[in-house]
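Before any comments, here is the structure.
Just so it is clear, none of the values below were taken in a lab; they were calculated from the coordinates. Computed from a prediction, not measured in an experiment: that's the story for all the values here. Cβ coordinates were reconstructed from backbone atoms using ideal geometry, including for glycine residues, and neighbour counts include every protein chain displayed.
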Amino acid sequence: MRKIIFTIAIMLSITLQFCNIKSYNSDIIIKNGTIVTVDSTNTVIENGAIVILDNKIIEIGNTDVILQKYTAEQIIDAEGNIVMPGLVNVHTHLAMTIFRGIADDITLHKWLHDYIFPVEGKFIDKDAISLGTKLAIIEMIHSGTTMFNDMYFFEDEVAKAAKLIGMRGLITESLIDFPTPNFKTPAEGMAYIESLLATYKDDELIDVGVAVHSPYTCSSDLLVNAFNLAKKYDVPYHIHVAETKWEFDTIMAQYNLTPVGYLDSLGVLADRTIAAHCVWLTPEDIQIMADRKVGIAHNPECNMKISSGVAPIPELLTANAEVGIGTDGVASNNNLNLIEEMHTMALLHKLSKMSPTVLTALEVVRASTIGGATVLQKDKEIGSLEVGKLADIIIIDTNKPNTTPMYNVYSTIVYSVSGTDVKDVIINGKVVMRNKTLLNINEKEVMRSVNKMAKEIKKTVAK
């Protein structure tokens, strides 16, 4: 009997070797990288490795130690690379990629009312949203973004595009006091949002929130009703706040309150509120935002391009407000490159304050990762590389002239890295970009389709 068992064991061993069958205890191992965790102590691990199983990080540590404990079907060698949390874009209008460069070098009010609102009315439909969003997601992944917060129309199409490509997103349908491409009344819009909440309940990649455009395009009733809807479902509430001097003056004239003071009087400033821009804030406004734990979505390049002003980000951080970074839409930026946005953010505030010590590279990296995750109420799941968190990870190739030498990893990320240096992107434990190639979509076909649509848009604008 023993002889038979021994013979069977030998045969099985030979068969396994012949078939090259291996036993794996993880899905992906990233090895030999400089691991920038952005955890509470800003741990950096040289020659580090990360182990991913299903969609989560199960261990982080020294490469040699990790490889003694784990095997994986896919091993990514990150030697000479930075491995860090995926970037979080806390405010954008994704499908506006189809309007990139359509009306530059004019004021925000003229840009919106004379160009954007009319062309949206003519061209924005489900197909345009789907196409524009796909282009936006391609652009974002290439420059290291792994989660976005979108405020626009037909957000179901945004979610479908994101899921197709493997992107994480918060979708917030924009409510406003006049008809939009998606609905005729705010009531229809709120019903649509409720349908989204039901459709994407417990989805792995998509979260749903409620958006109102701004204090000057929404009545007080709409602002409050939308907030109550967000509160009912315990989801984020997304709004443009104090973006321009014109807005500040308009609300002051109407209510004898600043935009922040007016919104606070309505009771719509809370920890679920994501306030985009926040350029024109008084010291009292800054304290209100911090006290209410409002998430600040800072959009430095858009604010510079439209000459809205410089948001008081150093003061907000000093007041312990939560701050993340957004790109806004490309029609007013004109890109979705969050690495470039980080660079701009750091330099803008140093110049504005005439102090090189304002906003360190570390603070900017945290704003683009764990800060953004906190603003979107996702910091328990993403934003840092820690055991138990979802595996949203980017790998930046630093074997480049522009990143050589590297004395300080945070300085390198903010001041030296380019968006095109992002090499690999993992979202929810799945590789969505490998060696700068997206795996789930034909990029060239998307660009061809957008260019075809742009020809028709250009004819309309020319008239």
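Restricting the trypsin sites (Lys or Arg not before Pro) of region 281-375 to loop positions (DSSP other than H, G, I, E, B) with no more than 16 neighbouring Cβ atoms within 10 Å leaves 293. Listed by Cβ neighbour count within 10 Å, with the fewest neighbours leading, 218, 278 appear as 218, 278. Using only Cα coordinates, the Kirkwood hydrodynamic radius of region 65-112 works out to 16.2 Å.
Against the chain, whose longest principal axis is taken from its Cα atoms, helix 155-165 shows a tilt of about 20°. Residue 126 sits among other residues whose Cβ lies under 11 Å from its own Cβ, and their net charge, with Lys and Arg +1 and Asp and Glu -1, is -4.
The magnitude of the dipole of the chain, with charges of +1 and -1 set on the Cβ of Lys/Arg and Asp/Glu and taken from the Cα centre, is near 1240 debye. Among 207, 397, the ranking by other beta carbons within 10 Å of each residue's beta carbon, starting with the fewest, stands as 397, 207. Could you state the angle between the C-alpha long axis of helix 2-19 and the longest principal axis of the C-alpha atoms of the chain, as a value from 0 to 90 degrees rounded to the nearest 10? Here the helix axis deviates by roughly 50 degrees. Ranked from largest, the principal axis spans of the Cα set of region 350-463 equal 49, 41, 36 Å.
Most simply put, the chain has about 40% antiparallel DSSP beta bridges, counting only bridges with both residues inside it. Each helix, a run of at least 4 DSSP H residues, gives -39500 (n - 2.57); summed and divided by the residues of the chain, these come to -11500 deg cm²/dmol at 222 nm.
For the peptides 433-439, 341-347, 382-388, the ranking by mean Cβ contacts within 10 Å, running from highest to lowest, is 341-347, 382-388, 433-439. Applying a threshold of 22 Å to the alpha-carbon distances of 69/380; 353/378; 245/458; 163/231; 436/458; 245/353 flags 69/380; 353/378; 245/458; 163/231; 436/458 as lying beyond it. Start at zero, step by 10 Å, and the Cα-Cα distances of region 164-245 spread as 18, 50, 26, 6, 0 percent across the bins. When Lys and Arg each count +1 and Asp and Glu each count -1, what net charge do the other residues less than 15 Å away from residue 220, Cβ to Cβ, add up to? Overall, the nearby charge balance is -3. By definition, a body whose alpha carbon gyration tensor gives a ≥ b ≥ c is oblate when a/c is 1.5 or more and a/b is not larger than b/c, and region 268-410 fits this oblate description.
Counting only alpha carbon atoms, the long axis of helix 443-462 and the longest principal axis of the chain meet at about 10°. Going by neighbour counts of Cβ atoms within 10 Å, the residues 127, 105, 264 line up, fewest first, as 105, 127, 264.
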